[in-house]
Amino acid sequence: MVLIKTQKLKKIYRHNKIETEVLRGLDLDINNQEFISIVGPSGSGKTTLLYVLSGLEPYDDGDIFMFDRLLKDYTEAEKAKLRSLDIGFVFQFYNLIPNLTVYENMMLASVIGKHKTKEEILELLDLVDMKAYINHYPSELSGGMQQRVAIARCLINDPKIIFADEPTGNLDIENGKKIMELFKKLNQTYHKTILMVTHNLDLTSYGTRTIHMIDGQVVKDEKKSK
Ligand SMILES: Nc1ncnc2c1ncn2[C@@H]1O[C@H](COP(=O)(O)OP(=O)(O)O)[C@@H](O)[C@H]1O
Ligand SMILES: [Mg+2]
C-alpha cells in the first residue's frame, strides 16, 4: 500500500529574483511499513522534501498524493491536522519545550489529538527507556535522552508515518546507535513507516530501503531483500 507518492515534484525557492530549483522532478513512492533512509550531500534538498511533503512549504509543479489524496486539495486546516495526527516529526535538535518537564512535554503533544491518560504516556516513555525521568527538564538530560523523549512524543497521536530529519546528527556514535535501534524497533515491532533523512551512509543499514538524492532528484533507490 502506497502512503505517499510524488510525481515530477518541483520546488523552487525565490529570493531577490534569484531562483533556486531545489526539487527537480522528484518521483517517489513511500509504501506502508517501509523504513526509508534518504541520503545525499548537504544541499541536495532532503529537508526541503520533508517540508513540502508535510505541507509546510508550497511546491511549484508536479503532484503529491498524501494518503491517496492530492496534497493540493487539503485545506490549511486539513494540512495542520495531517501534521499533528498523521505525521510524527523528529528533529536534529529534539525541539522539546525547555520550561516543561518530560511529562509535561508529552501532555502538551497529547492535547492536540486524543487525550492520553497518564498510564498511556508512561507506557510510551517506557518504550524509549525514559520512564524514570518524567519530572526532569530537557536541560537536565543528555542529547540522546532528549531525542528519546522526542521520539516518544512523536508517537503520541499514533501517526501513520514518522519523518525524522538528521535525528542523530547531533549525537555521538553510541547514542546515535540507540536512536537507530529504537527506530528499527518502531518499524519492525510497531509497524511504523519511517522516512529518515541523513547524510551518514552508515545509518542506512537500519532501514529497509535507501534513496540517494543529488540536486533534488532521486539518483538511486535500493530496497533490501529480507
Ligand atoms: N528557505 C529557503 N530559502 C531559500 N533557499 C533555501 C531555503 N531552504 C533551503 N534552501 C536551499 O535549498 C537547497 C536545499 O536545501 P535543503 O533542503 O536544506 O538540503 P539538505 O537538507 O539536503 O541539506 C540548498 O541550496 C539551500 O540553500
Ligand atoms: Mg537538511
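Derivation of every value follows stated rules applied to the coordinates shown; laboratory data play no part. Predicted, not measured: the structure shown is a model, and the values here were computed from it. Don't worry about glycine lacking a Cβ; one is built from the backbone with ideal geometry, like all the others, and counts go over all protein chains shown.
Amide H contacts under 5 Å for H136: V102, Y103, restricted to partners 5 or more places along the chain or on a different chain, H placed in the peptide plane at 1.01 Å from N. Remark on V22: its backbone amide H falls under 5 Å from those of K11, I12, Y13, a criterion applied only to residues 5 or more positions apart or on other chains, H modelled at 1.01 Å from N. Sorting the segments 141-154, 16-29 by their residues' average number of neighbouring beta-carbon atoms within 10 angstrom, most packed first, yields 141-154, 16-29. About the centre of its Cα atoms, region 2-223 shows a dipole size close to 180 debye [charges on the beta carbon of Lys, Arg (+1) and Asp, Glu (-1) only; nearest 20 debye]. For the chain, the 222 nm mean residue ellipticity estimated from helices alone, with every DSSP H stretch of n ≥ 4 adding -39500 (n - 2.57) and the total spread over all residues, rounds to -8500 deg cm²/dmol.
Here the extension length gained between K118 and N32 equals 28.0 nm, from 0.36 nm per residue of separation less the Cα-Cα distance. Only aspartates and glutamates eight or more places from K131 in sequence, or on another chain, were considered; those with a Cα closer than 16 Å are E104, E119, E120, E123, E140. Counting 0.36 nm for each residue step from K8 to K224 and taking away their Cα separation leaves a gain of 75.3 nm. Once you reduce region 39-55 and region 122-201 to the center of their Cα atoms, the two points are 20 Å from each other. The string of couplings for region 129-140 from the Karplus curve (6.51, -1.76, 1.60, θ = phi - 60°) is 6, 10, 5, 6, 10, 4, 9, 7, 8, x, 5, 8 Hz, one whole number per residue in order, with x for Gly and Pro.
Ordered by the number of other Cβ atoms lying within 10 Å of each residue's own Cβ, fewest first, Y13, Y59 fall into the sequence Y13, Y59.
Placing a pseudo-label 7 Å from each Cα along the Cα-to-Cβ vector at T75 and D202 gives an inter-label distance of 4.9 nm.
Cross-link pairs exceeding 32 Å between alpha carbons, from the set K114/K185; K17/K46; K11/K178: K11/K178.
Amide hydrogen proximity for N31: with H placed 1.01 Å from N in the peptide plane, the residues at 5 or more positions away or on another chain lying under 5 Å are L3.
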